[in-house]
Structure formats: structure tokens, C-alpha cells
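To start, the structure itself, in C-alpha cells.
The values are calculated or read from the model by the stated rules, or taken from the named source; none is laboratory data. As the structure is a computational prediction, the values presented were derived from the model and not from experiment. Cβ placement follows ideal geometry from the backbone for every residue including glycine, while neighbour counts extend to all protein chains displayed.
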Amino acid sequence: MTLTLLLFKILVVAHITTGGFGAIVLWIPVLGRKGNAQHRLWGTRFSRALLATGGFAIGMSLLTLFDPVGTHPHLVEQFDIPFIRGMFGWMMLHNGILTVNLAWHGWRAIRQRGREGADDSPTVYTLQWILLAAAAQCAWAGWQIGQPLMQGMAGVGLATVVTNLFFLRRRHLERRHWLKEHIKALVGAGISAYTAFMAFGAVRLMPDLALSPLLWSIPLIVGVTIIAYHWVKLDWPVWLSKRETEHV
């Protein structure tokens, strides 16, 4: 076993461990009572787990870009080298950065929820530009090898950058705005984790389904539904209050 493959396998184990933990504990803050000690505890653990998961994914992707054959010898007979470099290098790099971006942004949102102005941390802005560059490269690499799935994932990264920057440029924020951003970002990080397990795991277990758009869309559909539900729940009292005021 080469040193590259050994390092890659170590990162894979660490990635699966932290990602699996995050995917499980995600449901404690999502389904449980919001704002209490349990929610804060498990929400913090989830955020840290996803930050680590994204970091390990970045490491795996860089090793893959350096040595696609050496890191994925079991896939050489099924896929060509440009495919391995694209899907497991560039797209994994994009997804790892996306996960870190969302986990950090969501954690910062709940920490800053008392501010009237948006988060002006240089780190938050830097993460947006890094993700934008990763999304552009992922889309370009996907075009080169004829994989629209990579371009679709790049679209998710672009949408994340646009919505994050839109929020970061807002002023006169209310507490519910911070909470909505917190939910969007951390559930989005959860979507990323489940997408990785279902899609990249399928390459090993069910290669024929690995590129199925349906398989990749399941976590996205579930996650967006969760986000929409909680956003409506936060906005509903405000809507009712406005309607009552209009009728007075």
C-alpha cells in the first residue's frame, strides 16, 4: 500500500465517522424543542462534526487530484481517469468546501442573532469567495467530462454563495432573520452530508445508481422541505400580526 493510499484511507475513515455522527445527531435539533440546552448542545456537536467532515473531504479530494489511480484503484476498471479526477477530485473538493461554508455560516448566524447588522467577519466573506471559485471549477470540470451532475452541484454552491452574500449585506435584521439563516445553513450542511453518503456510497455499493439524479435529489428535497417548514413557522406570527394590524 502506497503512502498516498494509506493517507486517503485514513481520511475516508475519519470522514465517514464524523459525517455519520453528524447525519445522526442532525435530527436531535431538527425534531426537538428549539432553543433549550439539548438543542444547543447537539447543534454545536453537529456543527463541529460537519466542519470536520468537510475538512476531511477537502483532504480526500486533494489526494485524488494528485493521484486519482492510486487513491481509487478499485474504480479504475469501471471509470476512466478524467471521470475519477472530476467526480472524486473536483466535485468532492467543491462539496467539502460547501459543507464547511454552510456549517460555519449557520454556527455564526446563531452566535450573531442579537445583532441588528449582518455578520461582518472576514472569515465568512472569504468562505463565500472560496466556494464561488470551487463551484466555477466544478462546473468547468463537469463540462469537460460531460457530467451535468457536477454542474448541478456547482449550481447548489453558487446558490449558496448568492443567498449568503445577500444575507450578509442586509441591515436592520431581526432575531427571526438570524434564526432563518441558521436553519438554512445547518440543514443545508446536513443535506450535503446525506448527499455524500447516498451518492458517493452508491459508487461502491450500487455503481449503476451512482449517477442517478433521483438519488442525488432525495436529500435536497427532504432538506428544503424542512427549511421551508421552519421558515414558515418563524414567519407565521409576523404575518398574523400584520393582518390583524391591517384590519384594525
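Does Trp90 meet the test of being in contact with a Cys (Cβ under 6 Å, 6 or more places away or on another chain) and closer than 27 Å to Leu165 by Cα? So Trp90 passes the test. Count of region 45-80 residues, restricted to those that are free of Cβ contacts under 8 Å to residues at least 24 places away in the same chain and of a type in the set (Val, Ile, Thr), is 2. A single entry from His15, His94 fulfils the requirement of being under 19 Å from Thr195 (Cα atoms) and in contact with a Phe, Trp or Tyr (Cβ under 6 Å, 6 or more places away or on another chain): His15. Counting the residues of region 32-46 that are surrounded by 12 or more Cβ atoms within 10 Å (Cβ to Cβ) and aliphatic (A, V, I, L, M) gives 1.
Filtering region 1-15 to residues that are within 22 Å of the chain's Cα centre (by Cα) and in contact (Cβ under 8 Å) with a residue 40 or more places away in the chain leaves Phe8, Leu11, Val12, Ala14, His15.
Pairing residues of region 136-165 that are in contact (Cβ under 8 Å) with a residue 60 or more places away in the chain with residues that are surrounded by fewer than 16 Cβ atoms within 10 Å (Cβ to Cβ) and β-branched (Val, Ile, Thr), at Cβ distances under 6 Å and at least 6 apart in sequence or on separate chains, gives no pairs at all. The listed residues are Leu186, Leu234, Leu168, and the only one of them that is at pLDDT below 90 and either within 22 Å of the chain's Cα centre (by Cα) or among the β-branched types (Val, Ile, Thr) (or both) turns out to be Leu168.
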